[in-house]
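Engineer: I'd like to ask some things about the structure below.
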Amino acid sequence: MAIDPKEKASDLSQIIKQSWTRCEQLGLHQSGQPDVKQLPRYDQELLNEEYKGLIDTTHSEVLPYYENILSNTQCLILLADSHGNALNRWGKPRFLTKQNSPVFQKGVNWTENHLGTNSIGTVLESGDAVQVQRDEHYFRTYRFMIGSACPIYDANRKLIGVLDVSSDAYLPQAHTFGMVKLMAQGIENRLIVSQFGKTNYLASFNTNADNLDSQWSGLIAFNEDGVIISANKRAELILNTQLALVDVSSIFDMSLNDIKNLPDQVPVCFQAIGKYRMHAIVKSPSVISIQTPNFEKKALPKTDKNFIALDDFSSGDERIERCVEQAKRVIDKDIPILIHGETGVGKEVFVKALHQFSDRKRCPLVAVNCAAIPSELAESELFGYVKGAFTGASEKGAPGLIRNANTGTLFLDEIGEMPLKLQGRLLRVLQERSVTPLGSSQSYPVDIKLISATNKSLRENVANGLFRQDLYYRVSGLNIELPPLRERADKIQLFSKINQMYKEQHQPAQLSPRVIELFYNHPWPGNVRQLVSVIQIALAMCDEGMIQEWHLPDDFFADLNTTSSLPATTLLQTKRRSQASQEPESDPLNETIRVYNDTHQNISKTARLLSVSRNTVYKRLKNADVIK
């Protein structure tokens with residue numbers, strides 16, 4: 001459907017009005033002087049290193065196509081990062097003067113709070129391509145130019161920069177606006193090709209075969225299994241559907257084998273998703289992984305055994321189910337989550353499941369164990385640093401864990417162990433939504449979902465002066481408490497689930513009734529983490545059979561409550577027989593069988609009364625065919 005130009009102009013006008021409102025709320029004055037902020041040289045070097053791929057792609061693979069157009073116009077091209085810092089510029093326009101030249105230098109920040117309404121800053125606020133006419137600039141000092149800018153997204157659909165074309169020409173600017181959009185799309189396409197082209201398949205498609213080499217063609221990358229792992233915005237716009245992790249054969253309406261065997265770079269006509277007539281060219285990977293067929297053993301896909309989907313986290317325990325439902329309601333809202341629970345109850349596993357359930361699942365999940373980072377390194381690890389910030393600092397600096405979590409989820413485990421000095425800095429980050437690295441005066445905006453966890457009472461820490469009260473109220477939006485394993489109502493189901501998660505394909509999925517009984521009566525001081533460890537050891541010991549009592553590790557039995565022992569008469573008989581087994585004429589095998597029967601076939605108690613290991617008892621009984 002064609003877009004009404006008047007409607008589009010109205011949208012742009014609305015964007016400008018909203019920008020002016022923001023400027024007024026910031027206390028800016030149209031006749032005042034803009035706050036031109038330029039990064040220090042070492043910060044610029046750090047940015048150049050971080051955005052090297054974007055700068056090189058723009059300079060070498062996109063700009064040459066438009067060189068003739070640009071050389072005949074008096075315009076300047078600016079490339080900025082996702083925070084509005086100018087990375088590079090091209091062109092020598094006539095409008096650069098001694099007065100306005102400083103704002104067009106590398107490292108200058110173009111966000112609205114510094115320069116008012118402008119094409120780069122307003123793109124970052126709106127997320128859309130924007131053209132700012134002369135009188136639409138908030139500051140009068142910039143009303144000599146027209147700015148046309150477009151956001152740039154990387155292969156993972158994350159905003160990484162803005163491309164801007166500024167000019168003082170009085171000619172119609174529709175052409176310039178279209179060109180900057182085309183250039184931005186070209187950069188995005190090249191980033192997809194650079195990241196995925198060597199080892200994956202690339203397909204370009206359009207409604208007309210003559211336009212397949214256009215930047216406006218749809219572009220997708222899919223792997224050997226036919227899963228679409230990246231796509232440009234045009235691809236989803238043309239097909240009117242989401243393409244992330246979709247099977248490519250459902251798009252092309254042909255088998256994966258047929259798609260992969262299409263002639264390289266030869267246009268073909270196909271029916272897309274059953275209703276759109278399209279033309280496409282497919283490019284095979286330039287680096288092909290060759291594997292020798294092995295029909296004896298079919299490789300199984302690797303999975304993260306520690307991952308449990310959020311809806312599978314509970315097996316019937318009401319407290320767990322309530323935690324899941326509460327977390328679901330706030331995970332995509334600007335509300336922090338604080339998880340309480342003993343060590344080993346599964347707080348990190350719960351956070352992973354929660355992140356995968358959220359709208360941020362394609363963005364990073366950065367987990368920080370506040371107790372594991374040395375106090376002298378904690379500040380630089382969390383908040384980052386610039387070159388030369390301290391002795392031993394990396395020449396390239398480091399963005400820090402909080403900036404690494406930008407657009408995703410930051411998980412602060414054991415937050416109660418965070419040093420007081422860091423608590424003040426973290427509070428400032430959460431209040432201002434920006435991070436200032438060590439040794440730098442530049443602040444970097446961050447957009448994070450904060451989830452924290454603790455095995456202590458933070459309220460008690462606050463009362464004892466170990467945790468800041470103001471930070472406590474910043475991190476404790478929704479409080480969730482995961483119950484210990486010994487109190488869970490779904491223990492038996494959980495035993496079976498963990499066994500099935502970690503067993504080999506040839507091992508049975510069931511646990512023996514005796515093992516389930518032992519598990520049920522165990523206090524589990526290490527909670528689910530201990531359960532996983534015990535089951536992993538037992539599975540390794542039992543080879544192909546079902547887990548039995550003698551496969552369990554010794555320390556498992558050390559935790560069991562032994563108050564419900566054998567009757568006194570049985571103990572006395574067993575003790576006498578055990579003492580007799582020490583005499584030379586005694587038969588160890590017969591004594592083992594007697595004690596085993598007296599203890600109601602309890603291998604652990606048999607071993608304890610005979611003062612031998614459980615493995616010794618097991619071997620004797622197996623040799624005597626008492627057990628299988």
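The values are calculated or read from the model by the stated rules, or taken from the named source; none is laboratory data. Because the structure is predicted, anything quoted here is derived from the model rather than measured. All Cβ positions, glycine included, derive from the backbone under ideal geometry; neighbour counts span all protein chains shown. Quick note on the areas: whole protein, heavy atoms, side chains included, nothing else; ligands and nucleic acids left out. Shrake-Rupley method; radii C 1.70, N 1.55, O 1.52, S 1.80 Å.
Engineer: Mind telling me which of the residues SER166, SER204 ends up being more than 23 Å from HIS83 (Cα to Cα) and either assigned to a strand (DSSP E or B) or in contact with a helix residue (DSSP H, G or I) (Cβ under 7 Å, 6 or more places away or on another chain) (or both)?
Structural biologist: Exactly one residue qualifies, and that residue is SER204.
Engineer: For the range 122-152, how many residues are farther than 15 Å from LYS17 by Cβ and either of a type in the set (D, E, K, R) or assigned to a helix (DSSP H, G or I) (or both)?
Structural biologist: Start the filter on the range 122-152 by keeping residues that are farther than 15 Å from LYS17 by Cβ, which leaves 123-124, 127, 129, 134, 139-152.
Next cut, either of a type in the set (D, E, K, R) or assigned to a helix (DSSP H, G or I) (or both) only: 123-124, 134, 140-143.
Residues meeting the conditions: 7.
Engineer: Pairs under 7 Å by beta carbon, first residue touching a residue at least 12 places away in the same chain (Cβ under 8 Å) in the range 230-255, partner part of a loop (DSSP other than H, G, I, E, B) and hydroxyl-bearing (Ser, Thr, Tyr), six or more apart or different chains?
Structural biologist: Taking only residues 6 or more apart or on different chains, the pairs are ARG234/SER217; SER249/SER255.
Engineer: Please name all residue pairs, on different chains or six or more residues apart, with Cβ atoms under 9 Å, provided the first residue is in the range 320-332 and is without any contact (Cβ under 8 Å) to a residue 24 or more places away in the chain and assigned to a helix (DSSP H, G or I) and the second residue is surrounded by fewer than 14 Cβ atoms within 10 Å (Cβ to Cβ) and of a type in the set (D, E, K, R).
Structural biologist: Close Cβ pairs (under 9 Å, with a partner that is surrounded by fewer than 14 Cβ atoms within 10 Å (Cβ to Cβ) and of a type in the set (D, E, K, R)) amount to VAL324/ASP311.
Engineer: Could you look through the range 458-483, keep only residues that are among the small types (Gly, Ala, Ser) and touching a residue at least 24 places away in the same chain (Cβ under 8 Å), and pick out the one that is least open to solvent (accessible area, probe 1.4 Å)?
Structural biologist: By that ranking, first place goes to SER476.
Engineer: Could you please give the count of residues in the range 333-359 that are in a loop (DSSP other than H, G, I, E, B) and touching an Asp or Glu at 6+ places or on another chain (Cβ under 8 Å)? Can you show your working first?
Structural biologist: Restricting attention to the range 333-359, the residues satisfying the condition of being in a loop (DSSP other than H, G, I, E, B) are 333-336, 341-346, 358-359.
Filter once more, keeping what is touching an Asp or Glu at 6+ places or on another chain (Cβ under 8 Å): 341, 358-359.
Qualifying residue count, the range 333-359: 3.
Engineer: Follow-up. If you go through the range 92-112 one residue at a time, do you hit one that is at pLDDT below 90, small (Gly, Ala, Ser) and surrounded by 16 or more Cβ atoms within 10 Å (Cβ to Cβ)?
Structural biologist: No.
Engineer: If you go through the range 486-505 one residue at a time, how many are open to solvent by less than 80 Å² (accessible area, probe 1.4 Å) and either under 19 Å from ALA540 (Cα atoms) or outside any loop (DSSP other than H, G, I, E, B) (or both)?
Structural biologist: Counting residues in the range 486-505 that are open to solvent by less than 80 Å² (accessible area, probe 1.4 Å) and either under 19 Å from ALA540 (Cα atoms) or outside any loop (DSSP other than H, G, I, E, B) (or both) gives 10.
Engineer: Which one of the conditions (1) closer than 20 Å to ASN455 by Cβ; (2) in a loop (DSSP other than H, G, I, E, B) does PRO508 fail to meet, given that it meets all the rest?
Structural biologist: (1)
Engineer: Further question: For the range 242-259: of the residues being open to solvent by 50 Å² or more (accessible area, probe 1.4 Å) and hydroxyl-bearing (Ser, Thr, Tyr), which is farthest from GLY127 (Cα to Cα)?
Structural biologist: Checked the range 242-259; the qualifying residue farthest from GLY127 (Cα to Cα) is SER255.
Engineer: Would you pick out the residues in the range 86-129 that are among the polar types (S, T, N, Q) and without any contact (Cβ under 8 Å) to a residue 60 or more places away in the chain?
Structural biologist: Across the range 86-129, the qualifying residues are ASN88, THR97, GLN99, ASN100, SER101, THR111, ASN118, SER119.
Engineer: Select from the range 212-239 the residues that are modelled with pLDDT of 85 or more and among the polar types (S, T, N, Q) and write down the one among them that is surrounded by the fewest Cβ atoms within 10 Å (Cβ to Cβ).
Structural biologist: Of everything passing the filter in the range 212-239, ASN223 is surrounded by the fewest Cβ atoms within 10 Å (Cβ to Cβ).
Engineer: What are the residues in the range 444-485 that are aliphatic (A, V, I, L, M), over 30 Å from LEU124 (Cβ atoms) and part of a loop (DSSP other than H, G, I, E, B), if any?
Structural biologist: Residues satisfying the conditions are LEU466, LEU482.
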